[in-house]
Amino acid sequence: MELFINFTLLALLAVTALGVLHVTNLFAAVMLAGIYSFLSAGLFTVMDAVDVAFTEAAVGAGISTVLMLATLALVGSKVTTPEFRIESISVKGRSRRPLLPIVVVVFTGGILAYGTLDMPGYGDPDNPVHQHVAPHYLEESGHEIGIPNVVTSVLASYRGYDTMGETTVVFTAAVGVMILLSALRRRDSYGEEAWGDEVIDDMDVGFKDAFGETMDPGLAGPEREGPEGGGG
Amino acid sequence: MRILGLYNYWIFIFLMMVGFYILISRRNLVKKILGLNIFQTSVFIFYISLGKITGGTAPILVEGESEVVYSNPLPHVLILTAIVVGVSTTAVALSLVVRIKEAYGTIEGAEINAMDNRMPPP
Amino acid sequence: MSEHLPVLLVVIPLMAAPTAALLRWGRAAWGLATGTSWVVLAMALLILRRVQDEGVISYFLGGWAAPIGIEYRIDTVNAWVLMIVAAIGALVMPYARASFEREIQPSKIPLLYAGLLLCLTGLLGIAATGDVFNLFVFLEISSISAYALIAAGPDRRALHAAYKYLIMGSIGATFIVIGIGMMYAMTGTLNMADLAQRLPEVSSRTVSVAFAFLTVGISLKLALFPLHLWLLDAYTFAPSAVTVFLASTATKVAVYMLVRFFFSIFGPGFSLEVMAFHWVLLPLALIAVISASLTAIYQLNVKRLLAYSSVAQIGYMILGVSLASVTGLTAGLLHLFNHALIKGALFMAMGCVMYQVGSVRMEAMRGLGKKMPWTMAAFVLGGLSLIGVPGTVGFISKWYLVLAAVEAGMWVVAALVLVGSLMAVAYVWKVVEAAYFQEYKGEFEVRQAPISLLAPTWVLVAANLYFGVNATLTSGVATRAAEVLLGVGP
Amino acid sequence: MSDQVILRVAVKIIVPMILLYALYVQFHGDFGPGGGFQAGVIFAAGIILYGLVFGLRRAQKVFPTWVARLMAASGVLLYAGVGIASLLLGGRYLDYSVLAHDPHHGQHYGILLVELGVMITVCGVMITIFYFFAARGRETL
C-alpha cells in the first residue's frame, strides 16, 4: 500500500514538474507549482516527516502561492513565448543557447546519480545517518528535554541556534522586501523615455544635481529624489 | 537489491533536474523562480528520504513503548530550516521581479538584457 | 563573560539589526550600526589574540556537546577571517552615513543599516561556525541581505544585477546543500571536526560527488572564473558603501569556506590526491587573473574596472590555495586580508567621487587630481598597492605568491603573476592619467569629499602602507593559519 | 472581492477559527507536529485571507502595518534575548537548562519562549510582506 502511494505521488510530482516546464501561462504554472508543493507534502507524510509536511503545505502551497499570485497581479501572467521574442530582439549568440541548459542539466544529473551509487539504500536501518548522532536524539531527548516530539526538541534545543538563524533569515526577507517595495514608484524616471536614447542628457542632469546641491547634505532632499536619487 | 534501494534517489534527482532545467533554460523571471522552487523542494525530498527507515514511524515518542522504530528526526529539522530559507529567498526574488517590471516594463530576461545593452555603459 | 566572546561576536550584530530596522531616523540607525561594528571589531581582535595565545576555542551552543549540538570552533584561520570582516565592517559603517544620505531615499536608510548589519552577522556566522548546516543558514542570511542591498542602487540596472545574483547565489546555495546532504548521508554528522574524522573511513564515489558539488557551489559564491558574471553588475550598480562592504568581505568569506572544506573537512590527502582539485582550480585561477585584468583595461566605468580587477584578485587567492603548500596557502590567506584593504580603499575613493561628482565614469575622473586631491591621492596609493609596488601590502601578497610558485617549480605561474601585475599597472594608470593629466571640463565647482568619507578611506590607505612595511604581524598569523590547515607545525 | 456576500460571511466565520487553530498548533507543537513556524504562517494566513476579501485598508485597521513590523523585529530579539538570558544565568548561549531550578523545567520554558519568538517573527514578516505587495498593487490599479 505504501509503495503504491509512493509511486502515485512520485508519478504525479514528475508530471507536475514537467507541466510547470511546459505551460506558457504563468498563472497555470504558479498553480502547478503549488500543487507540486502539496504533493511533496504528501510524500513527506509518507516518509514520516509530519512536521516538514505541515510546513511545506503551509509555506510551499500556501504563502508562496499567495506571494506568486500577488506578483502576477502586478506583472501580468502572460509569457511571451521565447521563440517569438528572441527573433524580434536578436540577442547575440542565441542559436546555441537552447542546447547549453540541457547539457548542463544532464551532466549535473548524471554526476548526482553517479554519486548515489555508493549511497546506502533507501530506508535501510543500518544507514550511517541512523547510527550516529540521531540515536542520541531519539533515546535521550525523552529525559534530557522531556517533550514527546523529537523534532521540536532538536529544532528548539539541540539545534536551537540553527533555528535562531532561520528566524533571522525570515526577518532578513522582510527587510529585503521593505527595502525593495517601499521605494517610490517613479516609472517615468526609469522608463524608456528617460533612459533610452537621451540617456546622456539624463546623466547630465545627474551631474548638475551633484554639482549644484551636493555641498550641503541638508539640501539633498526632494530635488535629489529625481532622476538618480529616487531609486525608482 | 542494491539497485532497488537506490531507484528512489534517481527519481528525486530527475525531479531536481527538471527544476534546475526550468531555472536555467527559461528566460521569464517568474518562471525561473518557479524552477528554483521546484529544484529546492526536490532537494528537500532527497534529504527527507535519507531519514526514512522502512517500517519506521514519525519521530514523536510514544510513551511506554520501547520497541517502536522512529525515523531519523535530524533531516526533518534541517529541512524545516531549509523550507523557511527557501520562502525567504522567494519573497525577495518576487519583490525584485515587481520592481523590474516597474522599471523596465517587462519580465522577459531577453528583453531586459537587450534594454541593458542599449543603455550606455555605466 | 570572555568565554562567550565567539557567540557574542555574532549575536550582537544579529540583535542590532532588528533594532535598527525599527528606528525611524537614519542617523540613529547609523549610530547604532557604527557602535555595533566597533564593538564587534574589538571582540574579533580579542578572539584573535586569545587564539594566538591559547589555541583553538570551542564553544558548545546550548550546552550540547559537539556532534549532538552546534559548535563554534575558532582556530587561527577563523579568527583571521573574523578579524578581516569585522575590521571592514567597522570602517564601512561610519563611511555609509554620508554615502547613503546622498544615494538612498531617506525613509529607506534605517533598513539599509539593518541590511548591512544582517550581512555582517551572516558573514561572521559563516566564519565562526563549526557546523556545516549552520554555515548554510548564515550563508543565506548574508546572501539574502546582499541581494536587497545591491538592488537599492540608484540605477535600474541594479535591480537586474540583484536578480541575476539572486539566481546564481541560490543555485550555489542549493548545490552546497546537496553536497552537505551527501556528506551527511555517508557519515551521519554535520559537525566539521566530526566529519573530518569520519569522511576518510567512508571515502567513496558519494563523497567525491559531495566534494564536487560543494566546490561548484562555493565557486559560484566566490565568483571564480567562469562563474563570475554576476559579480560585475552587482559591484557596478550597488550603492557605493555596499560595494565597499561586499567587495572586501563577501568573496573573502567564500574563499574561507572553500579552504575550510578542502583542507579541514575533506583533508589535504583527499582533496589533493584523490580529487586533485588544484589541477582544476589552478588553470581557472590563472585564466581569471589574465582575462579579467585584460578586460579591466578596456572598461569605461571605474567601478566596473575595479570589479573586473576583483575577479582577477580572486584568481590570485585561488592560485595561492591551489598551490597547496604552506607558502601558497599563506599567500592566499594573506591576500584575503590585503585585498580587503586594497579594494576597500579603492572603492571608498570611488564612493567619494560618486558623492561629489555623481558619476564614476572614466570621463568624470578628468582633472579630479586637482579638484579632489585627497581622494585621488588615496586612489593612487590604493592603486599602487593593487599593482604590488614594494612598501604596500600588495607587494607582500605577490611576493609570497611568486615564492610559492617558484617553490613548486612552476615558473610559468610565477611569470603570469607578474604579467597580471603589469596589466594592473595599465588599468590603474588609465584612471591616474584622467585624474592628473587631463583638465577638468565640468561647469560646476567640485570640492573635496567630506571628512566622514575621507577618514575611513585614509585609514585603509594607511593600513595598506603600514602592513606593507610591517608585514611580520600579518604574515605570521597567515603562516600559522596555513599550517593549521595543512596540519603541519605546532 | 468585498461585494461577494457568501465570501464575506464565510471569511468572517473562518478567520477566527484559523487564528485559534494557529494558537493550537503553537502550543501543541511539543506533542504533535507543529510549532512556532507553522503557527506563525497559519496566523498570518488568517489575516491575509481577511485582507484578500475585505481589502487592504480594513485588514490594516485590524492589524496595522507598524504592529507587523514591530512583531517581525521583536521575535528575533526575543529568541536572541533568551540566549542572552541563559548567558547571564551562567549557562552557555541558548542553554535553557539554567532558566529554571530544574533543567527539565528550564528546557520547557526555553522551548516555549523561543517558539513564541519564531511565531511572532514569522507572523509579522509574512503579514508585512503581504502588505507591501498588496500596497504596490493598489498604486498600480
Of the residues that make up segment C:238-249, is at least one surrounded by fewer than 24 Cβ atoms within 10 Å (Cβ to Cβ), assigned to a helix (DSSP H, G or I) and hydrophobic (A, V, I, L, M, F, W, C)?
no
Subset of segment B:42-69 (residues that are touching a strand residue (DSSP E or B) at 6+ places or on another chain (Cβ under 7 Å) and open to solvent by less than 30 Å² (accessible area, probe 1.4 Å))
B:56, B:59
Could you list all residues from segment A:38-63 that are polar (S, T, N, Q) and open to solvent by 10 Å² or more (accessible area, probe 1.4 Å)?
A:45
When segment C:132-166 is examined, which residues are found to be under 21 Å from residue B:22 (Cβ atoms), of a type outside the set (Gly, Ala, Ser), touching a residue at least 24 places away in the same chain (Cβ under 8 Å) and at the interface with another protein chain (Cβ under 7 Å from one of its Cβ atoms)?
C:160
So, first residue in a strand (DSSP E or B) in segment C:356-370, second residue modelled with pLDDT of 85 or more, Cβ within less than 7 Å, six or more apart or across chains; the pairs are C:361/C:300; C:361/C:301
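So that you can scan it fast, the table gives a plain yes or no per residue for (1) in contact with a strand residue (DSSP E or B) (Cβ under 6 Å, 6 or more places away or on another chain); (2) of a type in the set (A, V, I, L, M, F, W, C); (3) farther than 20 Å from residue D:73 by Cβ:
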{"position": "C:6", "(1), (2), (3)": "yes, no, yes"}
{"position": "C:14", "(1), (2), (3)": "no, yes, no"}
{"position": "C:18", "(1), (2), (3)": "no, no, no"}
{"position": "C:22", "(1), (2), (3)": "no, yes, no"}
{"position": "C:27", "(1), (2), (3)": "no, no, no"}
{"position": "C:34", "(1), (2), (3)": "no, no, no"}
{"position": "C:41", "(1), (2), (3)": "no, yes, yes"}
Tally of residues being touching a Phe, Trp or Tyr at 6+ places or on another chain (Cβ under 9 Å) and modelled with pLDDT of 90 or more across segment A:175-192:
5
Given the conditions (1) within 14 Å of chain C (Cβ to nearest Cβ); (2) within 23 Å of residue B:97 (Cα to Cα); (3) open to solvent by 40 Å² or more (accessible area, probe 1.4 Å), every one holds for residue D:84 apart from (2)
Any chance segment C:148-159 includes a residue that's assigned to a helix (DSSP H, G or I), open to solvent by less than 10 Å² (accessible area, probe 1.4 Å), under 30 Å from residue B:33 (Cα atoms) and not hydrophobic (A, V, I, L, M, F, W, C)?
no
Does residue C:482 count as open to solvent by less than 40 Å² (accessible area, probe 1.4 Å) and over 24 Å from residue C:300 (Cα atoms)?
yes
Of all residues in segment B:70-89 being outside any helix (DSSP H, G or I) and closer than 18 Å to residue D:32 by Cβ, which is least open to solvent (accessible area, probe 1.4 Å)?
B:71
Scanning segment B:89-119 for residues that are polar (S, T, N, Q) and farther than 23 Å from residue B:38 by Cα gives B:106, B:113, B:117
Could we say that residue C:204 is within 30 Å of residue C:96 (Cβ to Cβ) and among the polar types (S, T, N, Q) here?
no
Considering only residues of segment B:27-74 that are more than 7 Å from chain A (Cβ to nearest Cβ) and hydroxyl-bearing (Ser, Thr, Tyr), which is nearest to residue A:135 (Cα to Cα)?
B:66
Can you spot a residue in segment C:58-65 that is out of contact with any His (no Cβ under 8 Å at 6 or more places or on another chain), hydroxyl-bearing (Ser, Thr, Tyr) and either open to solvent by less than 40 Å² (accessible area, probe 1.4 Å) or closer than 30 Å to residue A:138 by Cα (or both)?
yes
Taking into account only those residues within segment A:145-162 that are at the interface with chain C (Cβ under 9 Å from one of its Cβ atoms) and either among the aliphatic types (A, V, I, L, M) or in a helix (DSSP H, G or I) (or both), which is farthest from residue D:44 (Cα to Cα)?
A:158
Close pairs from segment C:230-246: first hydrophobic (A, V, I, L, M, F, W, C), partner outside any helix (DSSP H, G or I) and surrounded by fewer than 24 Cβ atoms within 10 Å (Cβ to Cβ), Cβ under 7 Å, at least 6 apart:
C:237/B:122; C:237/C:155
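The values are calculated or read from the model by the stated rules, or taken from the named source; none is laboratory data. Only a predicted model underlies this, so the values are computations on that prediction, with no experimental measurement involved. Virtual Cβ from ideal backbone geometry, glycine too; neighbours counted across all protein chains shown. With ligands, DNA and RNA removed, areas are computed over all heavy atoms of the protein, side chains included. Shrake-Rupley method; radii C 1.70, N 1.55, O 1.52, S 1.80 Å.
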